[in-house]
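A.B. asks: My questions all concern the structure below.
The values are calculated or read from the model by the stated rules, or taken from the named source; none is laboratory data. Worth saying up front: this structure is predicted, and the values here are computed from it rather than measured. In this analysis, Cβ positions are derived from the backbone assuming ideal geometry, glycine residues included, and neighbour counts consider all displayed protein chains. Note: accessible area is taken over every heavy atom of the protein model, side chains too, but ligands, DNA and RNA are not part of it. Shrake-Rupley method; radii C 1.70, N 1.55, O 1.52, S 1.80 Å.
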Amino acid sequence: MTDNAVKGPASYFPSIEKKYGRPVAEWKDLIRASPLTKHMELVGWLKSEHGLGHGHANALVAHTLAEDSAR
């Protein structure tokens, strides 16, 4: 039996899309277009400029930076 439940930062994605009305891909594009590069700078920017909660901002940044470092 396999556990197909989404874990980690991606587990926040459905609630992020529902709460803020943008697809996750759009948030990732915004993060990648930002001149900021450090994790907590990006989290703070999403919170102050886009009104995201800390957990949602942190999940988006963590997932995006992990994807980019894997490339």
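A.B. asks: Which of the residues belonging to region 45-71 are open to solvent by less than 60 Å² (accessible area, probe 1.4 Å) and touching a His at 6+ places or on another chain (Cβ under 9 Å)?
C.D. replies: The answer is L46, A57, N58, V61, A62, L65.
A.B. asks: Can you tell which of A25, A5, A33 is among the aliphatic types (A, V, I, L, M) and open to solvent by 70 Å² or more (accessible area, probe 1.4 Å)?
C.D. replies: Values: A25 fails: open to solvent by 70 Å² or more (accessible area, probe 1.4 Å); A5 fails: open to solvent by 70 Å² or more (accessible area, probe 1.4 Å).
The unique qualifying residue is A33.
A.B. asks: Checking the conditions here, which among I16, I31 is β-branched (V, I, T), assigned to a helix (DSSP H, G or I), modelled with pLDDT of 95 or more and in contact with a His (Cβ under 7 Å, 6 or more places away or on another chain)?
C.D. replies: Values: I31 fails: in contact with a His (Cβ under 7 Å, 6 or more places away or on another chain).
So the residue among I16, I31 that is β-branched (V, I, T), assigned to a helix (DSSP H, G or I), modelled with pLDDT of 95 or more and in contact with a His (Cβ under 7 Å, 6 or more places away or on another chain) is I16.
A.B. asks: Take the residues in region 59-71 that are charged (D, E, K, R) and part of a helix (DSSP H, G or I); name whichever of them is farthest from the chain's Cα centre (by Cα). Break it down into steps so the answer makes sense when it comes.
C.D. replies: Narrowing region 59-71 to residues charged (D, E, K, R): 67-68, 71.
From the residues that got through so far, the ones that are part of a helix (DSSP H, G or I) too are 67-68.
On the way: E67: 11, D68: 12 Å.
Across region 59-71, the extreme among qualifying residues is D68.
A.B. asks: What pairs can you find where one residue is in region 45-62 and among the polar types (S, T, N, Q), the other is at pLDDT below 95, and their Cβ atoms are less than 9 Å apart, with a gap of 6+ or different chains?
C.D. replies: N58/P9; N58/Y12
A.B. asks: Continuing with the same structure: Can you pull out every residue in region 12-22 that is in contact (Cβ under 8 Å) with a residue 40 or more places away in the chain, open to solvent by less than 70 Å² (accessible area, probe 1.4 Å) and either closer than 15 Å to T64 by Cβ or of a type in the set (F, W, Y) (or both)?
C.D. replies: First pass over region 12-22, keeping only residues in contact (Cβ under 8 Å) with a residue 40 or more places away in the chain: 12-13, 15-16.
Pick out the ones that are also open to solvent by less than 70 Å² (accessible area, probe 1.4 Å) and you get 13, 15-16.
Within region 12-22, F13, I16 qualify.
A.B. asks: Moving on to the next point. Could you list, in sequence order, all residues of region 37-58 that are among the polar types (S, T, N, Q), closer than 22 Å to S69 by Cα and part of a helix (DSSP H, G or I)? Write out each step before concluding.
C.D. replies: First, the residues of region 37-58 that are among the polar types (S, T, N, Q): 37, 48, 58.
Pick out the ones that are also closer than 22 Å to S69 by Cα and you get 37, 58.
Selection gives N58 alone.
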